[in-house]
Structures are given as C-alpha cells and as structure tokens.
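Input: a single structure, listed below in structure tokens.
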Amino acid sequence: MPNMSQIAIITLHSPHNFGAMLQAYALQTAIASLGHNAEILDYGSHPQAPEIFNRSDLKALPHAFLCFVHRKARYKRFERFAAFADQHMKLTRHYTDRNSLREHPPQHDVLVCGSDQIWNPTHHDFQPEFFLHFGQDTARRIAYAPSFGVAEIPGDKQQPLARVTRSIGHLSCRETSGVKVLENITGRHVTHVCDPTLLLTAETWLSIAKAPQDLPGKYILVYALENSPALREAVAKITITLSLPVVCIQVNVRNPDFPCTRVIRDAGPREFLGLVANASYIITNSFHGCVFSILFQKQFFSPLHGKLNERMRDFFSFTGLTDCQDLAVTLKSLPRQIDYEAVHSILNGLITNSKEYLKNAIEDDAKAA
C-alpha cells in the first residue's frame, strides 16, 4: 500500500455552474478513494450573492424587473451552490490570484490540474497556474482530463502550449481530438481519459441527489446552455411525440420561449442531479447534461450548440451516440433510442483506464524533467 500523498487540485470549481462544481467534486472524491488526501485549490474569485439591479441604463430595466420577480429563486440557487461547496468539497486556503500562489505556495506532494476547459485557447491565454507553475519543485505534476474545447490550436499558441506543459510529468486529455493536438505539439505521450464525473458510479451520485418537490410523475427535462431554433424545434417535436409535460432548468431570469409545466430557477448541484435522475426524457445541449443522462441511463437528445460542439462531437463519436444529435433519427426511434449496454461497454474500458492512469500518475516517484 503506497503512502498517503497530500494532493491539491486546481480546476474551475467555484463558478455556480452544475458541470464545473460536480466535476471538481468527482475528481476530489476519486482521488480520495485511492487512499490519498485530496484538496481543491480554492483559487480565484468567489461568486457573490445576486444583486437585484446594478446597472443604471434604461435598457436594463426589463432585466431588473425580472431579477426582482425571481429574487427568491436566485438567492436560493446561490445558497444551494454555496452549501454544496461547504458540505461536499474540501478546499485549501483561499488564493485570490497567481501572486498569492507565489507568496504562499502550496506544500502538497502532488499537484493536479483538473478537467473542464481550463486549457481553452479562445477563452484566455494559457494561464501558468492551470499548468501547475506553482508549488514545491519536488511535487509531482499531473494533468487529469483538461479540455481545449476546440479541435485545433492556433499556430501562434502552439509553442507557448509546448512550453507551459513541460513541467507536467503526466499528460492526459478529455477528448481524443485533444490527445492528438497535444501529442503533435509536445511530442509526448498523452493519455485519453474520461471526464471526472464518469469516475463515480450512478449509485454514488444518487446518494447525494435531491429531487425538487411537486414534480410531475413523468416529465421531459430541458436543460439548455444556449437557446436556439434547433432547441425549440426539438422541444416542440419531442413533446408532441411523447405527450409528456416539460420541466425546464432555467439558469437566467428570462422565461423560456417554449411551453413548460414548471420552470426551475433555484436548483443547486444536488437538485440538478435529482432532476436528471427522475426525468423520463432529457433535452440538453450541455456536455455535463449529456454525461449525467448517460450515467443515469436516460433517453436524451442533444441539439447542436452554436459554438461549443467539439467536445460533444468527440464524446458522441467515441461512445457511438452521434444519432443523439440527429433529430430526424431520434424522432423515428422514440420513445427509446439508446442501447446502454453497448454504450457502457465502451465507457467502462475508458473509465478503468482512466482510474489506472490517475493511480499510477499519483504513485509514480519519477519527477518531471
């Protein structure tokens, strides 16, 4: 049995976004299950309690009105995310910025940069803290399932990417396309691993799930990060075919522009899990909405997103679920369209390899060059 390591994870853990918080929790839990002490580096600014209105221009008045109307739900959502972080995530001291990391560097044995789009070149320049440029020189450095979110790295960013990854002893990526990109740029071996949420079983997720009260017995759940004609068409046609009421998780104050039996604005991470687990059918263009649909073996459809399709395309291609983005094919096969025995036979191999990668990387005594 290897000695217990002290491990710090840096990822996008604090945004009040279901996928961000749940993937951070999952990676911490998976590492702890290997017998190590895992903490999430509390890095960056913390979300603030929602304000009713903080803009003075007249154009914002309709938004201010909606914020006021839905103020209770907005505060409840904030409180539920804060409670989840407090109750389910083990955080280090708060580091406000990279200067605070340099002034008081973590003393952990192992540093892990975690999943989500922490390496997306279109969101920001490559930030050194998300490539583990902090901490003790002797610390082992591991990348677990970072995502680029794009299929190609711009030419002017390829050399900077090669440079900032040199200190990471073990490289992995969440998308197969990202593996190829990183191998071509760095000349190193890169392991394809699953999103951290897949490292935990459905039973583990159900143990912390909490379904809101007064839901219909059967319902279609809609969770959309982008409203679009494709989404609205899917909701309209699937609702008619299945003859079920629609429950919508709404992440902003505007009302959805498709008929809903119930609109939920106050869900936290646990309520999100409960809503997915209890749904009869799911329509979502969220990556983690799709992942949890698969974990809970739900029938679902994923309308194309206007910009963020690469990670979905890669994931669906790998799992054989490309039909989940083809509305015509989906409608022909309702109410069932997914053979989960086949899907999980593919995913189980990836999950096993991902756990082995994580275990071996943490317990490897070889230091990065």
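The values are calculated or read from the model by the stated rules, or taken from the named source; none is laboratory data. Keep in mind that this is a model prediction, so the values were computed, not measured. Here the Cβ positions follow ideal geometry from the backbone for every residue, glycine too, while neighbour counts run over all protein chains shown.
For the reader, a short list of remarks on this structure follows.
- Count of residues meeting criterion [part of a helix (DSSP H, G or I) and touching an Asp or Glu at 6+ places or on another chain (Cβ under 7 Å)] in region 328-337: 2
- Of the listed requirements (1) over 26 Å from residue 129 (Cβ atoms); (2) surrounded by fewer than 17 Cβ atoms within 10 Å (Cβ to Cβ), residue 103 misses just one: (1).
- Checking residue 242 against (1) among the aliphatic types (A, V, I, L, M); (2) touching a helix residue (DSSP H, G or I) at 6+ places or on another chain (Cβ under 9 Å); (3) closer than 20 Å to residue 303 by Cα, the condition it does not meet: (2)
- Residues that are among the β-branched types (Val, Ile, Thr), part of a helix (DSSP H, G or I) and crowded, with 17+ Cβ neighbours inside 10 Å, drawn from region 197-242: 197, 235, 238, 239
- Contacts under 9 angstrom Cβ, first residue in region 262-273 being farther than 10 Å from residue 210 by Cα, partner polar (S, T, N, Q), 6 or more apart: 263/250; 263/255; 264/250; 265/250; 265/252
- Every residue from region 328-345 that is of a type in the set (A, V, I, L, M, F, W, C) and in contact with a Phe, Trp or Tyr (Cβ under 7 Å, 6 or more places away or on another chain): none
- Region 2-31, subset small (Gly, Ala, Ser) and not in a strand (DSSP E or B), residue surrounded by the fewest Cβ atoms within 10 Å (Cβ to Cβ): 5
- Residue satisfying condition, being more than 20 Å from residue 310 (Cβ to Cβ) and aliphatic (A, V, I, L, M), within set 185, 168, 153: 168
- Residues within region 166-188 that are over 18 Å from the mean Cα position of the chain (by Cα), within 13 Å of residue 148 (Cα to Cα) and touching a residue at least 40 places away in the same chain (Cβ under 8 Å), tallied: 0
- Contact annotation: no residue pair with Cβ atoms under 6 Å, 6 or more positions apart or on different chains, pairs a residue in region 27-47 that is closer than 18 Å to residue 361 by Cα and outside the structural domain of residue 355 (by TED's automatic domain parsing) with a partner that is part of a strand (DSSP E or B) and not acidic (Asp, Glu).
- Number of the exception - residue 194 against (1) out of contact with any Leu (no Cβ under 6 Å at 6 or more places or on another chain); (2) assigned to a loop (DSSP other than H, G, I, E, B); (3) buried (at least 17 other Cβ atoms within 10 Å of the Cβ): (1)
- Selection status of residue 108, touching a residue at least 40 places away in the same chain (Cβ under 8 Å), within 15 Å of residue 14 (Cβ to Cβ) and over 20 Å from the mean Cα position of the chain (by Cα): no
- Verdict on residue 248 being modelled with pLDDT under 95 and out of contact with any Asp or Glu (no Cβ under 8 Å at 6 or more places or on another chain): no
- Residue match in region 84-107 (condition: out of contact with any His (no Cβ under 8 Å at 6 or more places or on another chain), farther than 29 Å from residue 142 by Cβ, aromatic (Phe, Trp, Tyr) and not in a loop (DSSP other than H, G, I, E, B)): no
- Hits in region 164-173 (condition: in contact with a strand residue (DSSP E or B) (Cβ under 7 Å, 6 or more places away or on another chain) and under 14 Å from residue 120 (Cα atoms)): 173
- Region 111-146, subset modelled with pLDDT of 90 or more, in a loop (DSSP other than H, G, I, E, B) and closer than 18 Å to residue 354 by Cβ, residue nearest to the chain's Cα centre (by Cα): 145
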